[in-house]
Each structure stands twice: as C-alpha cells, then as structure tokens.
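Here is the structure we will look at, set down as structure tokens.
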Amino acid sequence: MKKIFLKFFKIILVLVLLIIIVGGIVYYNSVNYKTYNLGIDRSSFLNVKTDADIDKLAVELVSQMTFKEKVDQMYAEKMTQAPKMLVNFMVKNRFPHVYAGGNERLKIPPWVLSDGPRGARVMDKSVNGVTTFPVAMARGASWDVELEERINEVIAIEMRANGTNYAATPCINLLRHPAWGRSQETYGEDPYLLGEFGVAAVNGIQRHNVMACPKHFALNSIENSRWVVDVELDERTLHEVYLPHFKKTVQKGKPASIMSAYNLVRGEYCGNNKELLTDILRNDWGFQGFVSSDWVNGVYDGVASVKAGLDVEMPWQNAYSYDNLTEGIEAGEITEKDIDKLVLNSLGTRLKYAFAEDRMDYSVDLIANKEHVELAKITAEESMVLLKNVNTTLPFSNKINKKIAVIGKLANTVNTGDHGSSDSTPPYVITPYQGIKNYQGSFGNEVILNDGSNIESAKKLAAEVDEVIVVVGYTFEDEGEYMILSRDRMVASAEAGKAIGEKGVGGDRESLKLHYDEEQLISSLAEINSNMAVVYIGGSAVDMSNWENQVPAILFAWYSGMEGGNALANILYGKVNPSGKLPFSIAKNEKDYPPFNPYTNKITYGYYHGYTLFDKENIAVAYPFGFGLSYTDYEYSNLVVQTKSIDQNGTVVMSVDVKNSGETAGKEIVEVYIGFKNSSVYRPVKLLKGFKKVLLGAGETKTVSFEILANDLAWYNPNNKSWQVENMQYEIYVGGSSIAEDLLKDTFFIEESQIANIK
C-alpha cells in the first residue's frame, strides 16, 4: 500500500512540476514576447518611390507568394498565440501586440492592431499607462470636430510609441436606442454628427501614419445579441439613416481599413455580405483600403467571405484556414485569383503606410506627457453637459470656510468606461471626489466623502454641509461591450427573448433608470439640502423622471477619462463654463423610443429614431437633441440666407448673429437644420446639416456662416437606385438646440428636381 501511495505521489509531483514548467514557459513567452519593426527595409526596395511603384511592388510580391503565404496575409495570428493574449489579459492587464501580414522571406513588415477610442489599447512592456480620454459619446457632446481630430492625433502618436500602426477606431455606429451597451463608443444619434466626427477621427489618426479602421460596418446597434441578430430594414432607411456617416467617413476621410460587423443584415452575416462589402463599399463609394472582420466570431464561412470581399480575418486563423480555402477552390466556388485580389487590397494599403515618409520621433516619452494629459482634461471640460440649473445653483461659490459633501458609490471610484475593446489603461485616474478635493485645496475648504450606502448617514452629512454633490450612474458592469464567451448562450438567449443563464459583464441596459438605491439616495438628500447638484456618469441617456423635479442642478459628466475629476471640479465651481450639448435626445418616457430588446435574433430598424421620431410624432421630450445650458446666455438674430434659390449643383449660403448677452465668456454651439415640409415623399421634419462651436466673450457678438450643398439634401430612390433632390421650398432652422421654439427660421428654393447618380 505504501509503495502504491509513493508511486501515486511521484506521479502527482511530476504532473505538478510539469504544469509549473509549462505554465512558466507560457507565462514567459506571453509576457516577454518579441516586438517587431513595422517599417519597411528600404534598402531592399530602392526603386520604390511613388504610390504607383508601391502598387507594382504589391502585385510583384503577391506573384512571388506561395498559396500558403497568400493565406497567411489573410489573418493575424494562429490559434497557438492565444495563450499570449490570455496571459497578458489575466496577469498583466495588458492587451498584447497582435501581429498580422508579415513575411520575412519577402521582407514584408507586419502590421499590428491597437483599439483606441479612449486611448492606445496595446502597451509596450516598458509603459505603465497611456493618455486616457473621455469616451467617444462625451466627445460627441463637445460638438467640436477640431478637438476630436487633436484627440486622435494624440492617440495615434501614443500607438506609434507603443509599437502599433493600426487603430481599430473610430466606432461610428448610430445610436438607435440609448440602452445599446456600446453607445459610449460612438458619437450620437445623428448621421451628420457621426460623419463629421468620423472624418475628424480618421484624419487625426492617419496624420501620424497609423491606419484607421472605422467600425462596425454595418447596422451594429444592439450588443447582447450581436453575434446572432438579423437586422431588417428598407432601402431608404439603409441608405439615408444607417450608412451616410460611413459613406462620408470613407469618401472624405479615406481610411485605410473598415471593420465589418458581427450581425446579419437581411439574412447575411456582415462578414460575408457582398452587398455591403463590395457593391456599396467598393463599387458605389470607391473604398480603396482593406476590410477586416470583427474579432473571434466575425467570420463563419471563409469561402462566402472571400466572395463577399472580406480581406482579413481577425485575430486568429479560423474560417480563413488553408483547408477551407483550398476546398473552396477545388469545388470551383472561388479561385486563387480571388485570393490574390484580397491580398492585394490589404498588402497594397499597408505598404503605402510602411513606405510613407515619416521622420517623427515616437519615443515612449511622448506617452501620457504633460501636453497630452492637459488635452484629456480640456476634452472632459468641453464635453460635460449642464442639463438643469434652477436659480443658478451652479456654479457653486468659491468662498472659504465651507463644508462640501461628495456622496455616492461612484464618487471615488475609478470609472473610465467599459472593459471591452475600447478599454484604455491610464497611469492614474482623478475621481470626482479627488478632483473636488484638489480644487478646494487652495481655499482650505473641507471636502467629505460618503459612499451613500447608508442613507441615514448620508442625510446627516447633507444637513451639516454647505453644498452637496451626488455622483450617480453606471460602470463597466452595467453597460459596454458584452463580455460573454459562450456563443451558444447568446443564441439561446436570443431565441428565448430573455437572458439564459448568468448575464455577462456589460452589454445592453435592460432599463434606462438609475439603480434603485441611487434614486432613493437622490430623493432623500434633496429633502435635506437644496444646494445640491447631481452628477451623472454614463455613456448614454438616462431616465430621470423619478427624481429630476426634486433637484436643482443636473450635470452629465460621462465617463470622463483620467482627468475627469479635475475637469468636473472646474465646471462645478465656474473656472470653466460648460459648453457641451446632448448628442442624443432624452425622452420623457422610455416607451417613446423605438422598440428594443437586448435578446433577439430578429429586429427591424425603422426610418425614424431619436429627434426625427419625436419631431414626426410630435412627442414632447425631457431634453432635446443638441440641448445644453451655460453659465451665460446667448441670443440669436439676423438670420440671412444669401442664396434664396439654387440649382441642383448649388450651395446655400447663410449667416446668423450670435451674442453672448451675459457676463461670462463661453462657447456656444450653433446648429443648422434643414426642413422638408413640402416633400412629396416621407422625410424627417428636419435634419442636422451644420454646426459650429464659437467662443464668445461677455457681451460679444459674432456672425457665424454656413454653406450647405444641395446634394446633401437628397433622398434615396430605391426604384432606380439613385439620389434625388426635390424641386421645392426648404426650411432653414438655426439655433442652440433642435427644439422648434428655440430656432430662427427662413426658407430657400431648389429649382431642379433630380440629380442622377449622386455618389
């Protein structure tokens, strides 16, 4: 018996040692993995000097590749590299470098991806954190495209310094419903706003020789069923509502890449949807880059995806396996020339970036430097939206000898957004409490933190202080990318119409209300101290109906990045005048939004949503699209339409005077909408067609001008698949929000009725 025990013990010991050794090897190789030079060896290609030379080189290189080498260009890494990713996530909390497309024999450098809506996702081993900005929705609330371009320049610089050259950003999917979990990654509910920000993001990224990749193409506006949901819609809804922002970003931004979506559209997965990837994207819009799949579950049928025009499967080789593609060729479904075409799309694009004249120094010293961090703070300040301010509760006074209470479970929580692909690791995060404490340090005022878990304790504190700041909202556990590994469970949930099994992390919100304990906290404190402001942390709209009327001030602070707490204090105490405006509408009743179920395998997207729906149905809203208060007042006057009649190729030129009638300098967002009251087809009451953010000193007046192309007012005729501009009178609305009573009005006329083949 003793011998058997000893023998068994030895076996166990050997197995344990083996596990330790293998685990150690995996860990070492995963954490201390090699990094590669992403630049081209110019000495090997001395004759390559122009884009035409690069195109010829790409053709030549593909001709020299074996079939296996061609396929190796069509995915990032083999599944054997999975431990590298998993160990880095679990042990180092770091997204590792994922290399794609390298070929040592032919001297082709690899490219490597980094997500980046909030900051560089991939970090060099020597880097402890990157500049982390507010989420994209917050930046949409800034309505400042020049700022967005600067933000993405910083992100690109830090990507380069971290050894990456491909940015899986921006996300420009439309916010159809505020419960969408990934709403924080996009810029708002309006196609025009999305397109302007999409172009700005791409321009900023690619200025530093990083390839931009707008995503998710297309119709990805639901999260918990993203791998299985089939989206139905008509042609006009597709082309007028869900694609215009992608079209503008492609044609004006000229991104190197596009990422396909997980979902199906009219029965076809986006990853093998020829209508989207080839007919529309390449043939209609003239896209010249390459298409990559979304990660892991982005491609199911390799042969179908080749036929559809999907160039690269990410991150691992699965459907684009040698066997799958060989079988497709042998069956006559695809040819090797089809493979060549896809490889040329990606290789030709990547080589242009590899050969780019680029003398900028991308040292790791640039990462999270003083200038970049300051921009993160400015961005947070520009993004915050003041929704309510009764009796000028805000800004709070800057007196001494005050006691200030900062209350709520999020008051001192590191909370920069979801923990999915848009995550970013900053070197530090200033929480709301820390920011307010930092600000009040110069005044010597006492700032008291209370997490709100004991309402009686919080009420007692509120009764003793001069002002109360209640911080409420959401975290990555409530909303964001849906972190669930089981596709089968997602399928089961979609089929059942409800969550099956334990809910994953993040995802779509099943309610637009705050957590019950937070609503109770707000109501209880409002009875105690009227000098109170509610600060909301989150990525989209929230239903405030249970407590809104009880509080004097509400501020949307979003997920505000690494400097969010300092920015918040500057807004609350008047050092910075709030200038953000809502990039979406907030309904009075959740039922006023389009139908939404996070768990479904079928959904229909309608023509109207957001403010277009509320306008059309004459539904009163809590807070309209484009709304936001300031610590000063603005007056609009003298709307002048210089061109009252134009032809189909013409431009409407207009101007308006905007005056800061208060005593505080501020920034006003001037919004221009075009109305379609006289249309012979169904159209929105009005659509956003221009905006500018203008700095105005106290008492200052500026004339703000706009030019709007007639082509931008076209509707899509599905009968002849063309864009048409109607011969009719159009309305112009100009003001500080989308609400009708706040807008100046005028008209103009377009003389000719039709434009053929608008691209």
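Here, each number is a calculation from the coordinates, and none is a lab measurement. Remember, it's a predicted structure, so these values are computed and weren't measured experimentally. Positions of Cβ are generated from backbone atoms using ideal geometry, with glycine treated the same way; all protein chains shown enter the neighbour counts.
Brief remarks on what is shown
- Relative pair counts by distance (%), Cα atoms of the stretch 634-750, 10 Å bins: 13, 43, 28, 12, 3, 0
- Gain upon complete extension [Ser645, Thr326; 0.36 nm per residue less C-alpha separation]: 108.8 nm
- For the stretch 128-137, 3J(HN,Hα) per residue [Karplus equation, 6.51 cos²θ - 1.76 cosθ + 1.60, θ = phi - 60°, Hz, x = Gly/Pro]: 9, x, 10, 4, 10, 8, x, 4, 4, 4
- Assuming charge only on the beta carbon of Lys and Arg (+1) and of Asp and Glu (-1), the dipole of the chain about its Cα centre is about 1980 debye to the nearest 20.
- Across the chain, the mean sequence separation of Cα contacts (distance under 8 Å, 6 or more residues apart), normalised by length, yields a relative contact order of 14 percent.
- Per-residue Karplus couplings for the stretch 268-276, computed as 6.51 cos²θ - 1.76 cosθ + 1.60 with θ equal to phi - 60°, are listed in order as 10, 4, 4, x, 9, 9, 5, 4, 6 Hz, Gly and Pro entered as x.
- Exceedance of the 28 Å cut-off in Cα-Cα distance is limited, within the set Lys403/Lys581; Lys692/Lys745; Lys78/Lys107; Lys254/Lys644; Lys78/Lys337, to Lys403/Lys581; Lys254/Lys644.
- Packing order of peptides 127-133, 203-209, 102-108, highest average first: 127-133, 203-209, 102-108 (average count of other Cβ atoms within 10 Å over each peptide's residues).
- Full extension of the chain segment joining Asn727 with Ser43 gains 240.3 nm, where the gain is 0.36 nm per residue of separation less the Cα-Cα distance.
- Mean Cβ neighbour count within 10 Å, used as a protection proxy, ranking 440-452, 144-156, 625-637, 55-67 highest first: 144-156, 625-637, 440-452, 55-67
- In a reduced charge model with +1 at each Lys and Arg Cβ and -1 at each Asp and Glu Cβ, the stretch 638-759 shows a dipole moment near 320 debye about its Cα centre.
- The residues Tyr573, Tyr559, Tyr187, when put in order of fewest to most other Cβ atoms within 10 Å, stand as Tyr573, Tyr559, Tyr187.
- Summarising the label geometry, the points placed 7 Å from Cα in the beta-carbon direction at Asp279 and Ser63 lie 3.4 nm from one another.
- Residues whose amide H comes within less than 5 Å of that of Phe355, counting only those at least five positions distant or on another chain, are absent (H built at 1.01 Å from N in the peptide plane).
- Stretchable slack from Asp592 to Ile12, in nm (0.36 nm times residue separation minus alpha-carbon distance): 202.5 nm
- Charge context of Lys677, other residues only, Cβ under 14 angstrom, K/R +1, D/E -1: 0
- Across the stretch 359-370, rounded Karplus estimates of 3J(HN,Hα) from the backbone phi angles (6.51 cos²θ - 1.76 cosθ + 1.60, θ = phi - 60°) give 9, 6, 8, 10, 6, 4, 5, 6, 5, 6, 6, 4 Hz, Gly and Pro being marked x.
- For the stretch 634-750, the relative contact order is 32 percent, taking Cα pairs closer than 8 Å that sit 6 or more residues apart in sequence and dividing their mean separation by the residue count.
- Distance (nanometres) between label positions extended 7 Å along Cα→Cβ at Asn438 and Lys107: 4.9 nm
- Note on Tyr516, Tyr269, Tyr593: ascending count of other Cβ atoms within 10 Å places them as Tyr516, Tyr593, Tyr269, the fewest first.
- In the chain, taking the dipole from charged Cβ atoms about the Cα centre, the farthest positive-side position among Thr66, Gln434, Cys270 is held by Thr66.
- Under 17 Å from the Ile455 label point (7 Å along Cα→beta-carbon), backbone N, the stretch 530-569: 545-551
- With a Förster radius of 41 Å applied to the beta-carbon distance between Gln288 and Val390, the computed FRET efficiency rounds to 0.15.
- When Rg and the Kirkwood radius Rh are both evaluated on Cα atoms of the chain, their ratio Rg/Rh stands at 0.99.
- Two-site label geometry, Ser524 and Glu495: point separation in nm, points 7 Å out along Cα→Cβ: 4.5 nm
- Options Thr701, Ser737, Gln648, ranked by Cα towards positive dipole end of the stretch 634-750, top entry (Cβ charges): Gln648
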